[in-house]
1. R0 = 22 Å: FRET efficiency of Ala128 with Asn5, Cβ-based, nearest 0.05?
2. So if I average 1/r over every pair of distinct C-alpha atoms in region 188-245 and take the inverse, what Kirkwood radius in Å does that give?
3. Sticking with the crude label model, points 7 Å out along Cα→Cβ, report the distance from Trp80 to Arg230 in nm, one decimal please.
4. In whole Å, largest first, what are the principal axis extents of the Cα atoms in region 109-219?
5. Quick one: which of 281-292, 79-90, 182-193 comes out on top by average Cβ neighbours within 10 Å, and what's the full order, highest first?
6. Which residue fluctuates most in the GNM of the chain (Cα springs below 10 Å): Leu172, Leu132, Leu95?
7. Report, for the chain, the % of DSSP beta bridges that are antiparallel, rounded to 5.
8. On the principal axes of its Cα set, how long, how wide and how thick is the chain? Give whole Å, largest value first.
Amino acid sequence: MTSYNRDFLGYGPQPPQPHWPGQARVAISLVINVEEGSEFSIRRGDEVNDRIFDMLAEPSGHPDIAMESHFDYGPRAGYWRIMRVLERHKVPATLSATGETAAFYPWLFRDAVGRGHEVSAHGWRWEAHGALTPEQESDRIARTFEALGEASGTPPVGWHTRGTASPLTRDLLIRHGGFLYDSDAYDDDLPRTIGADSSRPHVIVPYALDTNDMRFQLPNGFRDGADFARYLCAAYDWLWEEGATSPKMMSIGLHMRIIGRPARIGGLASFLDHVAARGGAWFATREAIARHWLRQHPLQPSPQSFPQPGDIRS
């Protein structure tokens, strides 16, 4: 028999007013996932190679040098192309990085922080946490925190697990004490604050996988930069309309090895041009969004006029 809690109501029909800076209708979070080198590879002792749809051949049981080279494109070329676009549009981003990458290319984090971007944690390796023991997971959290802090000069305050977090991930992050927020949720368009008491609140800043360049590598996903831009603009325009009375948040996931390709980067630039022309956006790091939310909404009790989430037993 398994007991677990799920909240299907959330904020209900009347979400809280976030009061974004500048009376913005939409808070936009650009997330650059920094994973290159931390993927699974037989050549470094893993049992399997990480698979990507760009590489059709799969050398089962053997090193995949082509796959590794595909990932290497991210820090070698894609990063600089993305930085030039962000600098031209004067918008900040959050680099969600695995702890290992801090040793592989520490220069990238020093450069990003110098440009005004945030560095947050994306696990020690590019892996899910569902199968880890509490001791293993706690160790990975601590190692990631230390490595990224040393490389960037600023300890990370955010966390996002690749794929599946464990049932204990959030509790372990709070227990660690160095994390302000996590993005291990895909269930809302607004953050929320949790915590047993106000002395140690924790912000959940939801992430999104539809407004994410990973769909370039999925069947029936984005075809080109224009397709990516069209989808992002549609999402922004809808949130902009809602934002007249109920402002929301929009997360955009990026990968150096994906959006950093020449035929795709124009999609990001076109979206940023569209938002600049329409107005109403607050571009912010996830840390800035979490801190703003915490000031506006220290803790949110569940609505009392609707049924509360309870135990489901099966």
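1. Rounded to the nearest 0.05, the efficiency is 0.55.
2. The answer is 13.9 Å.
3. 3.3
4. 43, 33, 29
5. 281-292, 182-193, 79-90
6. Among Leu172, Leu132, Leu95, the largest GNM mean-square fluctuation belongs to Leu132.
7. Among the beta bridges of the chain, antiparallel pairing accounts for roughly 20 percent.
8. Principal extents (largest minus smallest coordinate, Cα): 58, 51, 40 Å.
Each value in this text was obtained by applying a stated rule to the coordinates, not by laboratory testing. All figures in this text were calculated on a predicted structure; none of them were measured in a lab. Positions of Cβ are backbone-derived with ideal geometry, glycine not excepted, and every protein chain shown enters the neighbour counts.
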